[in-house]
Amino acid sequence: MLPFFDRVDGAAVNASVVSVRPGLSPGMGTGILAGLGAGAFWGMAFVAPLMAPNFSSVDITAGRYLACGLVSLLLMLWSGARRQRIWPTWRQAGAALWLSVLGYTGYYLLLSLAIQTTGATLPVLVIGTIPLWMMLLGKPEGLLWRKLVPGLLLTVMGMALMMHATASGLGAVGAGADLWLGVFYAGLAAASWVLFGLLNKRWLHQHPEVNSTMWANWMGVAAGLGAVPIWLWAGSPLQIMVDRDGFGTYVLVCGITGVGAAWVASVLWNMASRRLSASLAGQLIVSETVFGLLYGFVWNAHWPAAMQWLACVLFVAGILASIKAHR
């Protein structure tokens with residue numbers, strides 16, 4: 001396990017370092033920064049299928065999580081060499097496998113199918129509803145609904161503006177079967193991740209003896225194991241992939257997203273889940289949408305329209321309003 005994550009996850013951090021606004025506790029400040037960091041890494045996943053267009057969604061999903069599983073296994077073995085605990089119990093291994101299907105391989109396979117069906121913009125917006133569902137389903141008992149309303153309204157307004165601003169970009173797809181199939185895949189991906197977010201948070205709170213890095217390693221290995229049958233069942237034969245144009249780019253994309261958008265993001269999200277309520281942690285997922293859109297704009301080499309900039313401002317304002325509500 002990485003010393004930095006061990007230290008941040010296992011001990012209190014000075015408030016002057018982690019507080020993002022006056023009045024936040026050290027744990028809450030760390031959780032907010034970790035959640036935003038996870039969103040920044042997750043946003044990479046929205047451009048990955050566009051960077052390797054000659055490879056199927058199954059190939060990209062399998063490659064990404066094989067890379068994540070390999071990195072996780074190497075880190076576990078390194079921890080074992082330092083005489084640290086590395087292996088889960090059978091029950092813990094089962095939980096890691098089940099949750100990795102919900103939040104890793106299954107989720108990203110559905111997202112990749114949506115992106116390859118309709119392009120990146122529409123799936124990003126559908127996935128952008130995850131914070132709303134997390135806020136609604138994960139509200140702490142003592143928090144009044146009226147305190148969540150400003151953050152919810154700002155997020156909904158941002159989504160409405162973004163959908164309106166990007167509607168013309170969907171003209172090439174139209175309202176035919178491809179569009180609705182992409183919406184279906186993206187909707188299933190969103191539902192899968194909401195369920196993962198709620199169950200993963202509950203599991204972490206029930207098992208404080210398992211730190212965030214250890215759990216990310218177990219989940220990563222489980223995701224790597226789950227990627228193998230997916231690739232064998234529906235992926236391209238290895239030799240065909242090697243001979244295909246862009247194989248080097250494909251390997252690079254899988255490596256970067258496997259480490260950054262899977263392993264690092266998982267550690268950061270686990271840290272956020274331990275320190276924040278599901279509703280506040282869920283609101284921070286809006287940052288994934290913001291980063292995903294920005295990465296997409298950079299990849300397509302054009303600036304966002306004024307309305308898209310305004311939507312991003314509303315997303316950020318929604319995050320700040322939610323943080324204030326949870327203080």
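Quick note: the coordinates plus some simple rules give every number you see, no bench work behind them. Remember, it's a predicted structure, so these values are computed and weren't measured experimentally. Here the Cβ is made from the backbone with ideal geometry for all residues, glycine too, and neighbour counts use every protein chain on show.
Simple spin-label estimate for residue 236 and residue 184 gives 2.5 nm between the two label positions (7 Å along the Cα-to-Cβ direction from each Cα). Computed extension length for residue 78-residue 153: 22.4 nm, one decimal, from 0.36 nm per residue of separation with the Cα-Cα distance subtracted. For the chain, the relative contact order comes to 41 percent (Cα pairs under 8 Å, sequence separation of at least 6).
Listed values [x] 50, 50, 30; [y] 64, 41, 32; [z] 62, 44, 34 include one computed from this model; for Cα extents along the principal axes in Å that value carries the label [x]. Look at where the Cα atoms of segment 83-123 and of segment 131-162 average out, and the two centres are 25 Å apart.
Ranked by the mean number of other Cβ atoms within 10 Å of their residues, highest first, the peptides 284-294, 70-80 fall in the order 284-294, 70-80. Add -39500 (n - 2.57) for each DSSP H run of 4 or more in the chain, then divide by its residues: what number comes out at 222 nm, to the nearest 500 deg cm²/dmol? Helix contribution divided over all residues of the chain: -23500 deg cm²/dmol.
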